[in-house]
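The structure appears right after this line, and notes come after that.
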Amino acid sequence: MIQRTLSIVKPDAVAKNAIGDVLAAIEAGGLKVIATKMLHMSKKQAEGFYAVHSDRPFFNDLTDFMSEGPVVVSVLEGEDAIAKYREILGATNPDEAEEGTVRRRIGTNIERNAAHGSDAPETAAFEISYFFNALELHQR
Ligand code: ADP
Ligand code: MG
């Protein structure tokens, strides 16, 4: 099934000059970037994005981190894009991520783990609409 998913190159990876590295891994993995932009989230905007995690102990640190600098948000499209991109990213904790994955190669720790990918069709739809309007989503 052709799906769409949301990718975020997180502030740690942007600061490491790894935007191109993450986008190259996406393209090498067979997914298409159909929309992309750079933005710097406010703390409130990061809290809105991660609202599902608002009860977690790491929520405050996570939203500080996600609003500390610019990010690159992209919409990816392809066969099984949601699961495929999470394979390209690797496990949440870079130490547990498979060799060669984005988080293993670029991530620093379980919080500063280089990139985000949506985890299900419903969350992908919410996350895409959080950053992109219909005019920005090209049909390819
Ligand atoms: P994923 O991004 O792999 O879907 P989660 O949805 O569980 O992982 O968590 C969202 C983000 O919160 C993670 O990508 C990571 O940046 C951060 N995070 C997750 N677990 C922890 C933790 N135990 N301590 C600190 N930060 C965490
Ligand atoms: Mg998640």
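Just a few scattered comments:
- Restricting attention to region 101-111 and to residues that are within 10 Å of ligand 1 (Cβ to nearest atom) and surrounded by 22 or more Cβ atoms within 10 Å (Cβ to Cβ), the residue that is nearest to Glu87 (Cα to Cα) turns out to be Arg103.
- Picking from residues in region 112-129 that are more than 14 Å from ligand 2 (Cβ to nearest atom) and of a type outside the set (Gly, Ala, Ser), the one that is surrounded by the fewest Cβ atoms within 10 Å (Cβ to Cβ) is Arg112.
- Members of region 63-79 found to be hydrophobic (A, V, I, L, M, F, W, C) and either in contact (Cβ under 8 Å) with a residue 60 or more places away in the chain or surrounded by fewer than 18 Cβ atoms within 10 Å (Cβ to Cβ) (or both), listed by number: Phe65, Val71, Val72, Val73, Val75, Leu76
- Tally, over region 1-54, of residues that are among the aromatic types (Phe, Trp, Tyr) and in a loop (DSSP other than H, G, I, E, B): 1
Where a number appears in this text, it was derived from the coordinates with a stated rule and is not lab data. Quick caveat: nothing in here was measured; it's all calculated off a predicted structure. Neighbour counts run over all protein chains shown; Cβ positions are idealised from the backbone, glycine included.
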